[in-house]
1. Residues in the stretch 46-97 that are basic (K, R) and modelled with pLDDT under 75: how many?
2. Of the conditions (1) within 30 Å of R88 (Cα to Cα); (2) of a type in the set (S, T, Y); (3) modelled with pLDDT under 85, T131 fails just one. Which one is it?
3. Quick check on A54: is it open to solvent by less than 70 Å² (accessible area, probe 1.4 Å), assigned to a helix (DSSP H, G or I) and farther than 16 Å from T189 by Cβ?
4. Out of curiosity, is D217 modelled with pLDDT under 85, closer than 30 Å to T66 by Cβ, of a type in the set (D, E) and open to solvent by 60 Å² or more (accessible area, probe 1.4 Å)?
5. Mind checking which residues of the stretch 186-204 are open to solvent by less than 50 Å² (accessible area, probe 1.4 Å) and either under 23 Å from D176 (Cα atoms) or assigned to a strand (DSSP E or B) (or both)?
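The values are calculated or read from the model by the stated rules, or taken from the named source; none is laboratory data. Nothing here was measured: the structure is a model prediction, and the numbers come from that model. Using ideal geometry, Cβ is built from the backbone for each residue, glycine included, and neighbour counts are taken over all protein chains shown. To get the accessible areas, we keep the full protein, side chains included, count just its heavy atoms, and leave off ligands, DNA and RNA. Shrake-Rupley method; radii C 1.70, N 1.55, O 1.52, S 1.80 Å.
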Amino acid sequence: MSDAFPDEVDEALWDEACRRADAIRDFLKSRTGKMSVADVALLSTELEISRSTAYRLIKLFRAGGTVMSLVERKPGRPEGHRVLDDRREEIIRTTISRYYLTRNRPSFSQLVRDVQTNCLSIGLRRPHPRTIKARLEDIDLQKRAKRRGETKIAKDTRAVPGVLAASRPLQIVQVDHTKADIFVVDEETRQPIGRPWLTLAMDVCSRMVTGFYLTMDAPSRLSTSLYGALQKVRKA
C-alpha cells in the first residue's frame, strides 16, 4: 500500500509520525510479553505525550503497522475531503490534461514543476507533489496510458473477453480486496479509526472461499502474501 498519502499532510506532522513509528517499533520489538505501566510511561516520556495517548498510538500502530496510522489528524475533516481551493484544483487539472497526458510523455517531476510554476505565477501557494500525484492517480490508468501513447500499459489494462475455468479444486485461486462497510473505532476513545479492508481468496472451480485476511491497510502485495503464508502454515 505503497500507502496513498492523504492530501496536504503537513510535513511537520509527517516527520513527527515517523519519529513516533520508530520509537514504537523499537518499543514493541524489545517487549514480546505484556507491557507494564512503567514501560508505557517510559515511551510516553520519550515521545513527550501522555500515557493514554501512548496506549492509543501503540494500538493504532499494531492495527495498521504503518507511519500513516500515526499521522495526527485534525477533527472534522471527512474522508476524501479536498483541501485545495478551486483555483489550484483547476490549475492541476488543466496542466495534467494539456501538458502531461500527451504523446510527448513528460515526466512526473516535470508535471510537478509546471503545476507549481503556474500556481506561483498568479500568487497561489504551490501544492505538494503528493497532492498532484493523488490527482493524477484519480484518472483511470487506461485513459492515462492511451493519452500518453503507452500502448503496452493500455493493452495490459484492457478487458479481454473470455471464460476463466478450472477442472479441479484449487487449480486456480483468485484473490480480491474490498473495503468493509463498517467503521473500526478505538475501544477507549470510541473515535473512528477507519474502514478495514477484506482480502478474500476464492477457488474458481468450487466457488468456495478458501481464506481471508482482514487489515486496516489498503490492498497490497503484503495482503496477498500474508494469505499465502497462512495457507502454507495450515498445510504444514
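1. 4
2. Of everything listed in (1) within 30 Å of R88 (Cα to Cα); (2) of a type in the set (S, T, Y); (3) modelled with pLDDT under 85, T131 misses just condition (3).
3. Taking the combined requirement at face value, the residue does not satisfy it.
4. no
5. G194, P196, L198, T199, A201, D203, V204
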